[in-house]
Amino acid sequence: MAAIGETQPAKHQEVGHKSLLQSDALYQYILETSVYPREPQPMKELREVTAKHPWNLMTTSADEGQFLNLLLKLINAKNTMEIGVYTGYSLLSTALALPEDGKILALDINRENYEIGLPIIEKAGVAHKIDFREGPALPLLDQMVDDVNFHGSFDFIFVDADKDNYLNYHKRLIDLVKIGGVIGYDNTLWNGSLVAPPDAPLRKYVRYYRDFVLELNKALAADTRVEICQLPVGDGITLCRRVC
């Protein structure tokens, strides 16, 4: 999400960028050649609005948004969930990818941030696909796990929320995603801090959440219920395909 060192300058010019590429020029090339020319107008508008928000580094990067949009089309997703919405850039990417009768259960503790992007989502004609719920996700997930009707009901679930609860989410989501469905966990490379030396000058929140991300990565690698692929897209995304 943010630079590792307290004094390390931002790597790229794009506000809200997340890239592990060491070359600024190469990342810019990807954006200008393959991402921005194909970015839907509503997503561009929301990206630019989000750039003005003080917490803009929380947003999904444009290249990751493009990746998610294509992935959802490849797996023919129809019923999805998103935990952690912020202003809705990844949510909009998902909504645009789903068929007209597709659905997204969107969970976030802050409706105010979601409403920043809501007018753009409405203008894009996809707001009817979104069921936004404000509040902590775990209580609702527990209710869904207790109801067998929700078991195996989701084609795709995207998690970009509190890293200290990622494992708690996984324990519940594995029952809710269908066999053959996909769960995507964002920020699983945590800006490269996972391999930083012990004395690295990490920001407090980076150091705090690093151990939770390390724990998640270890658990996913050992979870025989899923096939996994960890990709250096954005700040790292791990895809888990449920196999049993």
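Points worth noting:
- Yes/no for residue 165 being open to solvent by 20 Å² or more (accessible area, probe 1.4 Å) and either of a type in the set (Lys, Arg) or modelled with pLDDT of 95 or more (or both): yes
- Residues in segment 222-244 that are open to solvent by less than 30 Å² (accessible area, probe 1.4 Å), assigned to a loop (DSSP other than H, G, I, E, B) and of a type in the set (S, T, N, Q): there are none.
- Elements of type helices (runs of 4 or more DSSP H) contained in segment 1-79, each with 1 or more residues being open to solvent by less than 20 Å² (accessible area, probe 1.4 Å) and at pLDDT 95 or above: 41-50, 62-74
- For segment 179-216, the tally of residues that are open to solvent by 70 Å² or more (accessible area, probe 1.4 Å) and in contact with a Lys or Arg (Cβ under 7 Å, 6 or more places away or on another chain) stands at 1.
- Neighbours by Cβ (under 8 Å, 6+ apart or cross-chain): first from segment 118-141, under 17 Å from residue 87 (Cα atoms) and open to solvent by 30 Å² or more (accessible area, probe 1.4 Å); second outside any helix (DSSP H, G or I) and hydroxyl-bearing (Ser, Thr, Tyr): none
- Members of segment 207-244 found to be farther than 24 Å from residue 65 by Cβ and of a type in the set (A, V, I, L, M), listed by number: 214, 219, 221, 222, 243
- Residue within segment 199-221 that is in a loop (DSSP other than H, G, I, E, B) and within 25 Å of residue 73 (Cβ to Cβ) present: no
The values are calculated or read from the model by the stated rules, or taken from the named source; none is laboratory data. Keep in mind that this is a model prediction, so the values were computed, not measured. Positions of Cβ are generated from backbone atoms using ideal geometry, with glycine treated the same way; all protein chains shown enter the neighbour counts. All accessible areas refer to the heavy atoms of the entire protein, side chains included, with ligands and DNA or RNA removed. Shrake-Rupley method; radii C 1.70, N 1.55, O 1.52, S 1.80 Å.
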